[in-house]
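See below for the structure under consideration.
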Amino acid sequence: MTVSGPLDDSQRQERLEKLGQRIKQLREERKWSQDTFAHLAGMNRAYPNKIEKAKIDVRYTTLVRIAHVFGLTVGELLTFEDSAL
């Protein structure tokens, strides 16, 4: 495994967008509104929209809560069909 330097802004934004899409997909598969998802994950009701639209950088502790709500590990949450984050 090769380790590279820090992500540039466009790489970081691309990963946030992938994460937002993944969370939205999982939420919609369960037919949950953003409000329902926010309640289950113990977050402010405006937060899911910001995550799904890649407007904020999500903390690790929030990723843990989100993964738990979906019954996944953080690794599984961050794994996508085309590639991993």
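Values in this text are rule-based calculations from the coordinates and carry no lab data. Computed from a prediction, not measured in an experiment: that's the story for all the values here. Cβ: placed from backbone, ideal geometry, glycine included. Neighbour counts: every protein chain shown.
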Do we have any residue at all in the stretch 3-14 that's within 17 Å of Glu76 (Cβ to Cβ) and among the basic types (Lys, Arg)?
-> no
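Conditions tested, residue by residue: (1) surrounded by 13 or more Cβ atoms within 10 Å (Cβ to Cβ); (2) without any contact (Cβ under 8 Å) to a residue 12 or more places away in the chain; (3) touching a Leu at 6+ places or on another chain (Cβ under 6 Å).
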{"site": "Arg12", "(1), (2), (3)": "yes, no, no"}
{"site": "Glu29", "(1), (2), (3)": "no, yes, no"}
{"site": "Ala54", "(1), (2), (3)": "yes, no, yes"}
{"site": "Val69", "(1), (2), (3)": "yes, no, yes"}
{"site": "Thr79", "(1), (2), (3)": "yes, yes, no"}
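Determine if the stretch 35-48 includes at least one residue that is in contact (Cβ under 8 Å) with a residue 40 or more places away in the chain, surrounded by fewer than 19 Cβ atoms within 10 Å (Cβ to Cβ) and either out of contact with any strand residue (DSSP E or B) (no Cβ under 9 Å at 6 or more places or on another chain) or of a type in the set (Gly, Ala, Ser) (or both).
Within the stretch 35-48, not a single residue is in contact (Cβ under 8 Å) with a residue 40 or more places away in the chain, surrounded by fewer than 19 Cβ atoms within 10 Å (Cβ to Cβ) and either out of contact with any strand residue (DSSP E or B) (no Cβ under 9 Å at 6 or more places or on another chain) or of a type in the set (Gly, Ala, Ser) (or both).
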